[in-house]
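Engineer: Please see the structure below; I have some questions.
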Amino acid sequence: MATLIELPLDTYKGPVSPDWCPGCGDYGVLRSVQEAAGKNGVAPKDLLIVSGIGCSSNLPGFIHAYGIHSLHGRAVPVATGAHLANTDLKVVITGGDGDGYGIGIGHLLHAMRRNLDVTYVVMDNQIYGLTTGQASPTTSKGHVTKSTPVGNAETPLNPLALAIASGATYVARGFSGEAKLLTDLIAGGIAHKGFALIDVFSPCVTYNKINTYPFFKERVYKLEDENWEPNDFHKSLTKAYEWGDRIPLGVIYKTDQPTYEDSEAIFKKGALVKQPLEIDKKVFAELIEEMV
């Protein structure tokens, strides 16, 4: 087994400084992603950050690694393509609740059921921040926003329950106000073999005046303090629905299952980008014989 060498935070310092609103939770997520990569010893040349569109989706521009700032809701398929082309890369998807749970929800479902070996960090501020404050898929019922002036009439999506039910094998919740725990959760997701979803409470200080830092500070608790065991599917699914005066932080569910890459024969020969392009002569001859 190779020795893990942790890398310092400065390894991932990007040439451009973040320009989020002062106090935005995304600053903490960026630092935790950088620290998590360092804890796993993932060099910038071996790390790819993929995002969609939104305030949080600007993150690839603020970290020293390969990065793709893709289309709205399309981060998951772009990341899937890059990962399957080069399975030696560590692929981390970053974005917001609108991008991932709204426009991109269909892609997310299929990536989770395939158990692709990628990590998805969703900065969940329960609002559309970049477009100045409309209701998102995780906005609470009754919340008054620009798009719901008399209160949101829709039931909010439960991303943790959805992930567990859909086949994700590492499902966690973090909070920008709990930096060390958030770093550990993202590091665990990167190290995990399989699809990892880390839903992060990342408060929007400009457009969401309900789901604020004080709101979460009063309610969140750490599962690690209660000896939680995240390997029971049904108990984890129930825990994912816990909301109100107490909201859990930590690994909600974790299991070891074969990944898509384990089950697809072509990857047994290694990363596709490192396989020869020419067709095997024996296979070619058999194809010709079959067709003529």
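Engineer: State which residue pairs qualify: first residue within 30 Å of THR131 (Cβ to Cβ) and inside the range 85-104, second residue of a type in the set (D, E, K, R) and surrounded by fewer than 24 Cβ atoms within 10 Å (Cβ to Cβ) in any location, beta carbons under 7 Å apart, and separation of 6 or more residues or different chains.
Structural biologist: GLY104/ARG74
Engineer: If I go through the range 164-186 residue by residue, how many of them are out of contact with any helix residue (DSSP H, G or I) (no Cβ under 7 Å at 6 or more places or on another chain) and surrounded by 20 or more Cβ atoms within 10 Å (Cβ to Cβ)?
Structural biologist: The total comes to 5.
Engineer: Which pairs have Cβ atoms under 9 Å, sit 6 or more apart or on different chains, and link a residue in the range 267-291 that is surrounded by 10 or more Cβ atoms within 10 Å (Cβ to Cβ) and outside any helix (DSSP H, G or I) to one that is at pLDDT 85 or above and small (Gly, Ala, Ser)?
Structural biologist: Pairs that qualify, where the first residue is surrounded by 10 or more Cβ atoms within 10 Å (Cβ to Cβ) and outside any helix (DSSP H, G or I) and the partner is at pLDDT 85 or above and small (Gly, Ala, Ser), are ALA271/ALA85.
Engineer: Tell me the residue from ALA75, ALA161 that is in contact with a helix residue (DSSP H, G or I) (Cβ under 9 Å, 6 or more places away or on another chain) and within 30 Å of VAL273 (Cα to Cα), please. Please lay out each step first, then the result.
Structural biologist: Values: ALA161 fails: within 30 Å of VAL273 (Cα to Cα).
Testing whether each residue is in contact with a helix residue (DSSP H, G or I) (Cβ under 9 Å, 6 or more places away or on another chain) and within 30 Å of VAL273 (Cα to Cα) leaves just ALA75.
Engineer: Which one of these is of a type in the set (A, V, I, L, M, F, W, C), surrounded by fewer than 18 Cβ atoms within 10 Å (Cβ to Cβ) and at pLDDT 95 or above: ALA75, ALA65, ALA135, ALA153?
Structural biologist: Values: ALA75 fails: surrounded by fewer than 18 Cβ atoms within 10 Å (Cβ to Cβ); ALA65 fails: surrounded by fewer than 18 Cβ atoms within 10 Å (Cβ to Cβ); ALA135 fails: surrounded by fewer than 18 Cβ atoms within 10 Å (Cβ to Cβ).
Selected residue: ALA153, the only one of ALA75, ALA65, ALA135, ALA153 that is of a type in the set (A, V, I, L, M, F, W, C), surrounded by fewer than 18 Cβ atoms within 10 Å (Cβ to Cβ) and at pLDDT 95 or above.
Engineer: Return the total of residues in the range 172-219 being in a helix (DSSP H, G or I), in contact (Cβ under 8 Å) with a residue 40 or more places away in the chain and either of a type in the set (A, V, I, L, M, F, W, C) or touching a Lys or Arg at 6+ places or on another chain (Cβ under 6 Å) (or both).
Structural biologist: 9
Engineer: Another question, if that's okay. Take the residues in the range 43-61 that are of a type in the set (A, V, I, L, M, F, W, C), out of contact with any Phe, Trp or Tyr (no Cβ under 8 Å at 6 or more places or on another chain) and crowded, with 24+ Cβ neighbours inside 10 Å; name whichever of them is nearest to MET112 (Cα to Cα).
Structural biologist: Filtering the range 43-61 down to residues of a type in the set (A, V, I, L, M, F, W, C) leaves 43, 47-50, 53, 55, 59.
Add one more test, that the residue is out of contact with any Phe, Trp or Tyr (no Cβ under 8 Å at 6 or more places or on another chain), and what stays is 43, 50, 53, 59.
When the remaining residues are screened for being crowded, with 24+ Cβ neighbours inside 10 Å, the result is 50, 59.
Working: VAL50: 16, LEU59: 22 Å.
Looking at residues that are of a type in the set (A, V, I, L, M, F, W, C), out of contact with any Phe, Trp or Tyr (no Cβ under 8 Å at 6 or more places or on another chain) and crowded, with 24+ Cβ neighbours inside 10 Å, I get VAL50.
Engineer: Right, another one. Limited to the range 1-39, what total is found for residues that are free of Cβ contacts under 8 Å to residues at least 40 places away in the same chain and touching an Asp or Glu at 6+ places or on another chain (Cβ under 7 Å)? I'd like the intermediate steps shown before the answer.
Structural biologist: Pass one, the range 1-39, residues free of Cβ contacts under 8 Å to residues at least 40 places away in the same chain: 1-10, 19-20, 30, 34, 38.
Subsequent filtering for residues that are touching an Asp or Glu at 6+ places or on another chain (Cβ under 7 Å) retains 9, 20, 38.
The qualifying residues number 3.
Engineer: Which residues, counting only those in the range 109-128, are touching an Asp or Glu at 6+ places or on another chain (Cβ under 9 Å) and either modelled with pLDDT under 95 or aliphatic (A, V, I, L, M) (or both)?
Structural biologist: Answer for the range 109-128, where residues must be touching an Asp or Glu at 6+ places or on another chain (Cβ under 9 Å) and either modelled with pLDDT under 95 or aliphatic (A, V, I, L, M) (or both): LEU116, VAL121, VAL122, MET123, ILE127.
Engineer: May I pose another question? Name the single residue, out of those in the range 233-266 being charged (D, E, K, R), surrounded by 16 or more Cβ atoms within 10 Å (Cβ to Cβ) and assigned to a helix (DSSP H, G or I), that is modelled with the highest pLDDT. I'd like the intermediate steps shown before the answer.
Structural biologist: Within the range 233-266, the subset charged (D, E, K, R) is 235, 239, 242, 245-246, 254, 256, 261-262, 264.
Those left that are additionally surrounded by 16 or more Cβ atoms within 10 Å (Cβ to Cβ): 239, 254, 261.
Then keep just the ones that are assigned to a helix (DSSP H, G or I); that gives 239, 261.
Numbers: LYS239: 98, GLU261: 95.
Result: LYS239.
Engineer: Quick one: SER32 ticks every box in (1) of a type outside the set (A, V, I, L, M); (2) modelled with pLDDT under 95; (3) in contact with a strand residue (DSSP E or B) (Cβ under 9 Å, 6 or more places away or on another chain) except a single one, so which number is it?
Structural biologist: (2)
Engineer: May I ask you to list the residues in the range 105-115 that are surrounded by 19 or more Cβ atoms within 10 Å (Cβ to Cβ) and either free of Cβ contacts under 8 Å to residues at least 60 places away in the same chain or within 19 Å of ASN158 (Cβ to Cβ) (or both)?
Structural biologist: HIS107, LEU108, ALA111, MET112, listed by residue number.
The values are calculated or read from the model by the stated rules, or taken from the named source; none is laboratory data. All of these numbers come straight from a predicted model, not from anything done at the bench. Here the Cβ is made from the backbone with ideal geometry for all residues, glycine too, and neighbour counts use every protein chain on show.
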